[in-house]
Amino acid sequence: MKIRVDIGIASLSKKEEEVCGDTSRIIEGKDSVTIILSDGLGSGIKASILSILSTQIAAGLLKRKLGLEQVFATIADTLPICKVRDIAYSTLSILKINYDGTAHLIEYDNPALILVRDNQLLKINKQQRMIAGKEVFESFFRIDVDDLLILVSDGVINAGVGGLFKLGLGRERLLENIFKRDLNSESAQAVTDKIIALTDACYLGKAGDDSTSIAIKGRIPRKVVLLTGPPADQKLDKIVVENFTGIQSWKKIVCGGATGNMLSRQTGREIEISLEYTDPSVPPVASIAGIDLVTEGILTLNKALERLQHYMEGNGLKKADDGASQLAQNLYLADEITFLMGTSTNPAHKEMMESLQLKPRPVVVGHLVNVLRDMGKEVNIETY
Amino acid sequence: MNDQKLKIEVCVGTSCHLMGSNLIIEYLERLSEKVKAQLDIKYISCMNNCSQGPQVKVGDCQLANATPELLNDRIERILLQ
């Protein structure tokens, strides 16, 4: 069974420190996602640099498709050892979740991963082994929909040590808290925010160590099907619309005035245009019963592409109510996207598009496909 | 009630949008509440006359290459009748 995960991350810096010495990183691939948590020795900027170094090396190697063992061995070989304490300068947990539901975990000196299924703690069989002279725990297991996985740095486990608790919050109390508050039913980000709030409370607002929590929740893939442009041959209208409405999906999106009219004609459902013009540069959205988003075509697609490209340049994704922002947001949240693209052209658009340097439908859709693939999404395109 | 109102349909398709249908909408939004109360405004995704945008329908009459001024004249004439 195919699976995807939602990931929530939250951190707390040691009191009076500007930066957190823990670093987390998510590397999305075509068939998998890898989550890394590294805790640099000590706190502050030195710890931060050390943990960033570890995650950066891991991210670079994973992008080159190296296996977890090789990644870990490379980091272990390059990590300096503290002369005073004779321990490595940073800890590491690397969890690779394949979209077929299998997972591979290597833990080095970090608290053990917590796996909750059906509101019960699940034991993961671990193997202790030596990789590059370091004693690590390695495990292979399966992840299901609604599973909750939690990775924490030792700052969470030790929260309140010598203060509220003699030996700190501890794994058992943390687990008790997770079950008592039924965190299993909450979103990944809510879970992790609550764990960090708990940690902060245990430290009485004065964290004694950098603390990070990563919550991972299994879910079914979000599939989006997007219909844009009527087919070149009008006889195909019915087939295209039937294909579009028949596909099981998380969201159905229609982009294009003529496309919306075609769908309305074929299904007998009325199309109603919103009177809200939230962004004057983007035509208003419309609504058709059973369709999650109906927008204008070319301008909205071009604007949505701009927003996604802006996001890929390291900026945030604009959250707004205009059609392009809604489209970009839905595509961003999707895991699998199918474009059903008609090749009919509107002669009135051609000249205007050239003068305004707007990309025609096949070009803008092509660019969108590339950007979405770069984001690690599975994208298919069917043309009519 | 809507039957007594003057029906205004504005095309907000790609061409009409680029040719200035947003100016028409801006004009309609700026009308006084008293005038707006006499209008039934609707947006249309495409009126299939893309080369002569913006397209606006006032009652039964379809205006091509519409401008706020043209629309204002038309609305004024009908409402003052």
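The values are calculated or read from the model by the stated rules, or taken from the named source; none is laboratory data. Note that this is a predicted model, so its numbers are computed, not measured. We place every Cβ from the backbone using ideal geometry, glycine too, and count neighbours over all the protein chains shown. Heavy atoms of the whole protein, side chains included, go into the accessibility calculation; ligands, DNA and RNA do not. Shrake-Rupley method; radii C 1.70, N 1.55, O 1.52, S 1.80 Å.
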>> Quick check on segment A:264-272. Is at least one of its residues more than 30 Å from A:Lys166 (Cα to Cα), assigned to a helix (DSSP H, G or I), within 14 Å of chain B (Cβ to nearest Cβ) and open to solvent by 10 Å² or more (accessible area, probe 1.4 Å)?
In response: yes
>> Being in contact (Cβ under 8 Å) with a residue 12 or more places away in the chain and loosely packed, with under 15 Cβ neighbours inside 10 Å is the requirement here; does A:Ile75 meet it?
In response: no
> Pairs under 9 Å by beta carbon, first residue more than 11 Å from A:Ile271 (Cα to Cα) and polar (S, T, N, Q) in segment B:38-50, partner part of a loop (DSSP other than H, G, I, E, B) and open to solvent by 30 Å² or more (accessible area, probe 1.4 Å), six or more apart or different chains?
Replying inline: B:Gln38/B:Lys5; B:Asn49/B:Ala64
> In segment A:41-72, what residues are loosely packed, with under 15 Cβ neighbours inside 10 Å and outside any helix (DSSP H, G or I)?
Replying inline: A:Arg64, A:Lys65, A:Gly67
> Which condition does A:Arg117 not pass, out of (1) touching a residue at least 24 places away in the same chain (Cβ under 8 Å); (2) basic (Lys, Arg); (3) under 24 Å from A:Ser211 (Cα atoms), if it passes all the others?
Replying inline: (3)
> How many residues are within 29 Å of the chain's Cα centre (by Cα) and surrounded by fewer than 17 Cβ atoms within 10 Å (Cβ to Cβ) if we restrict to segment A:143-169?
Replying inline: 3
> From the list A:Ser93, A:Ser38, which one is modelled with pLDDT of 85 or more, surrounded by 19 or more Cβ atoms within 10 Å (Cβ to Cβ), out of contact with any helix residue (DSSP H, G or I) (no Cβ under 9 Å at 6 or more places or on another chain) and not assigned by TED's automatic domain parsing to the domain that holds A:Arg373?
Replying inline: A:Ser93
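Okay, residues lined up against (1) open to solvent by 10 Å² or more (accessible area, probe 1.4 Å); (2) under 10 Å from the mean Cα position of the chain (by Cα); (3) within 14 Å of chain A (Cβ to nearest Cβ):
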{"residue": "B:Lys5", "(1), (2), (3)": "yes, no, no"}
{"residue": "B:His17", "(1), (2), (3)": "yes, no, yes"}
{"residue": "B:Tyr27", "(1), (2), (3)": "yes, yes, yes"}
{"residue": "B:Arg30", "(1), (2), (3)": "yes, no, yes"}
{"residue": "B:Ile41", "(1), (2), (3)": "yes, yes, yes"}
{"residue": "B:Lys57", "(1), (2), (3)": "yes, yes, yes"}
{"residue": "B:Leu70", "(1), (2), (3)": "yes, yes, no"}
>> Looking at segment A:199-213 only, could you name the residues that are open to solvent by 30 Å² or more (accessible area, probe 1.4 Å) and either farther than 16 Å from A:Gly160 by Cα or in contact with a helix residue (DSSP H, G or I) (Cβ under 7 Å, 6 or more places away or on another chain) (or both)?
In response: A:Asp209
> Mind checking which residues of segment A:179-202 are within 13 Å of A:Ile157 (Cα to Cα) and in contact (Cβ under 8 Å) with a residue 60 or more places away in the chain?
Replying inline: A:Ile195, A:Ile196, A:Thr199, A:Asp200
>> Which numbered condition in (1) open to solvent by 10 Å² or more (accessible area, probe 1.4 Å); (2) within 14 Å of another protein chain (Cβ to nearest Cβ); (3) more than 20 Å from A:Ile271 (Cα to Cα); (4) out of contact with any helix residue (DSSP H, G or I) (no Cβ under 7 Å at 6 or more places or on another chain) is the only one that B:Glu9 fails?
In response: (3)
> Yes or no: A:Glu16 open to solvent by 70 Å² or more (accessible area, probe 1.4 Å) and more than 23 Å from the chain's Cα centre (by Cα)?
Replying inline: yes
>> Considering only segment A:242-257, I want to know if a residue exists there that is buried (at least 19 other Cβ atoms within 10 Å of the Cβ), in a loop (DSSP other than H, G, I, E, B), within 12 Å of chain B (Cβ to nearest Cβ) and in contact (Cβ under 8 Å) with a residue 12 or more places away in the chain.
In response: yes
> Do we find that A:Ile216 is away from chain B (no Cβ under 14 Å), open to solvent by less than 40 Å² (accessible area, probe 1.4 Å) and at pLDDT 95 or above in this structure?
Replying inline: yes
>> Could you go through segment A:320-336 and let me know if any residue there is among the charged types (D, E, K, R), open to solvent by 20 Å² or more (accessible area, probe 1.4 Å), within 14 Å of chain B (Cβ to nearest Cβ) and within 25 Å of A:Leu236 (Cα to Cα).
In response: no
